[in-house]
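Beneath this line is the structure, given in C-alpha cells, with notes to follow.
Every number in this text was worked out from the coordinates using simple rules, so none of it is lab data. Predicted model only: the values in this text are computed from it and were never measured.
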Amino acid sequence: MQLARGQQVSFADEPLILVDSDDLPRGHDSKEAVHAGEGLLHRAFSVFLFLNADTVLLHERSGEKPLWPGFWTNSCCSHPRRGECNHTATQRRLEQELGVAAELTYLYKFEYAARYLDVGSERELCSVYIGALAQPLAPRPNPREIAAWGWFDCAAVDAWLAREPERFTPWFKLEWAALRGPYRGMVEDLFPTPGKRLAEAG
C-alpha cells in the first residue's frame, strides 16, 4: 500500500531494540527514551543509494526531527522496531522516507555515540547498507522526514564535507569515510563494467 507523502511515519513511542556492544538484544524502550540524555545503546541502520559508482543520494533532515534537524546525511537512516529484522526495517523505511525499494548489500556495523546540543543523543549500533537505484525510479521524499535531497557526485561530497563538516550528521561523517576508504570497492562492485562482467563470466 502506497503511503501519502506527508504521512507521519516516525513516533516518539515506537519500540526500539536495546542491544549490548555485541548486538545481543537487551530489551526494548521507546524512541524518545533511547535518545534522551546520554542515550541508550540501540540497533540502527544507514542506507546509501547510488545511481552509479560515482553518484550518491543524500538528503537534508526535516526541521521536524528532534536531533540534527536541517543536517545533511545519507540516503536513508532509521531503526528496526521491536520484532523487526534489519531487512524488513530497511525496506519499510525506504518506502516511508523515499517511496522506493532497492536490493541492499550489507557492509559492516559499528558503535558510536553523539550528543546534539542539550536535546538528546544518538547511541547506536548501526548497520550500514548500500544499494543501486535505477535512474527511472525517482524518489518521492516524505516532507515529514526529508527537507531536500539530491544526487551528488562523490568527489563533490568529499569537497563539501571538507569545506563544511558542520553541515553533516556525525554518523554520516564516519560512514562516508568508510565508504570512500575500505569499502569503496564494494560500491564499485554494484556497477560492474562490461570488461569485468566478461572476466567474471570467463
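A few points about this structure:
- Length-normalised contact order for the range 81-129 - Cα pairs under 8 Å, 6+ apart - percent: 29
- Hull-based mean projected area of the chain, where the convex hull spans the alpha carbons, in square nanometres: 12.3
- Taking every DSSP helix (H) stretch of at least 4 residues in the chain, weighting each as -39,500 (n - 2.57) and dividing the sum by the residue count yields a mean residue ellipticity at 222 nm of -7000 deg cm²/dmol.
- The range 18-100 - convex hull of alpha carbons, volume per residue in Å³: 124
- Measuring nothing but how far apart in sequence close Cα pairs (under 8 Å, 6+ apart) lie, relative to its length, the range 1-137 scores a relative contact order of 28 percent.
- The phi-based Karplus calculation (6.51 cos²θ - 1.76 cosθ + 1.60; θ = phi - 60°) puts the 3J(HN,Hα) values of the range 107-119 at 9, 6, 10, 8, 10, 8, 9, 8, 9, 10, 6, 9, 7 Hz, whole numbers, x for Gly and Pro.
- Residues whose placed amide H lies under 5 Å from that of Y116, excluding near-sequence neighbours: S121, E122
- Remark: C-alpha extents of the range 109-178 on the principal axes read 40, 28, 24 Å, sorted largest to smallest.
- DSSP beta bridges confined to the chain are antiparallel in about 75 percent of cases.
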